[in-house]
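The values are calculated or read from the model by the stated rules, or taken from the named source; none is laboratory data. Computed from a prediction, not measured in an experiment: that's the story for all the values here. Methodologically, a virtual Cβ is constructed for each residue, glycine included, from the backbone with ideal geometry; neighbour enumeration extends over all protein chains shown. Calculation scope for accessible area: heavy atoms of the full protein, side chains included, ligands and nucleic acids excluded. Shrake-Rupley method; radii C 1.70, N 1.55, O 1.52, S 1.80 Å.
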Amino acid sequence: MEDDAPVIYGLEFQARALTAQTAETDAIRFLVGTQSLKFDNQIHIIDFDDENNIINKNVLLHRAGEIWHIGASPADKAVLTTCYNKTSDSRVVSCAAVWRMPSDWETGSNESPDDSAHNPQTLELLCHLDDGAHSNAACVLWEPMGDGKRVISLADNHALLWDLQESSTQATVSSSATLEGKGQLKFTSGKWSPHHNCSQLATANDTAIRGWDLRSMSQIYCIENAHGQLVRDLDFNPNRQYYLASCGDDCKVKFWDVRNVQEPVKTLEEHSHWWRMPLCTCTHTHTHTHTCYLEKKDILAEHIHNCR
């Protein structure tokens, strides 16, 4: 399988948001959110058939604004979160919300592949992740092994732990942590670790990566200058509890052992010809890890690696 050529999926609009839908156990599925200032934005639901090395798709509308981050509930495959930009009073506002897919969206998978794109359904808003004091959400992270009732939002220099109630239609902040230091520090991305009873969080700000203990909401490690430019995304290895991957605007992927963060375990530079590699998201099956990259913001490439 690792010798197969990458599968390329083209998007109508630019995109920077990608996630694996881990609650879907019968298919290898990814969600991609688009960015368009002129047209309604979209959620592309992409199923990868690893036996035939092909892609099937469905499309849903996201009318709220251009999507900068997307996350899928680990417990309910119909529920997801987005961080998006909208214009309010002539200024751009960054928001975060929880959404539900239409109950009958999957019926379109039996129709012509282009039908869902030409006549897409719209997401249902469940609730906003906004406590009135913290705005500019960079990303929303679901508790990896949870029941879909806890998320963390990274907004400016605050990490907010939310409890979702009433079928995700209400959200309240239960605890928070603050990124402190010189200048106006802001979180740019993060990843909730599936290991250690889901008690650890990794975040990125500028070129640095930090680890947090969610039980005390305190910092436990810091990798200064982890990348030569902005760190775009992070991902924990689902099979090895201490290994963390990062990618940045320096067009590098780095793998870290968080027990010793002085140097990366491995650095990949094969993709330096890309304009940027903003996202690296993984989901693993029984025999392989499937890794998706967004290349040049509007091309989705499926890379299959044997990572047992």
*Subset of the stretch 104-131 (residues that are more than 22 Å from I67 (Cα to Cα) and either of a type in the set (G, A, S) or modelled with pLDDT of 95 or more (or both))*: G108, S109, S112
*asked:* Just the residues that are within 19 Å of P144 (Cβ to Cβ), in a loop (DSSP other than H, G, I, E, B) and either open to solvent by less than 10 Å² (accessible area, probe 1.4 Å) or without any contact (Cβ under 8 Å) to a residue 60 or more places away in the chain (or both), please, taken from the stretch 229-253.
replied: P238, R240, Q241, Y242
_Members of the stretch 32-78 that are within 16 Å of the chain's Cα centre (by Cα), more than 16 Å from S94 (Cβ to Cβ) and polar (S, T, N, Q)_ = T34, Q42, S73
*Please go through the stretch 143-178 and pick out each residue that is of a type in the set (A, V, I, L, M) and open to solvent by less than 20 Å² (accessible area, probe 1.4 Å).*
V151, I152, L154, A155, A159, L160, L161, L164, A177
*Restricting to the stretch 211-228, what's the tally of residues that are under 18 Å from V261 (Cα atoms) and surrounded by fewer than 21 Cβ atoms within 10 Å (Cβ to Cβ)?*
10
*Single residue of the stretch 254-264 satisfying the filter (open to solvent by less than 50 Å² (accessible area, probe 1.4 Å) and assigned to a strand (DSSP E or B)) that is modelled with the lowest pLDDT*: K254
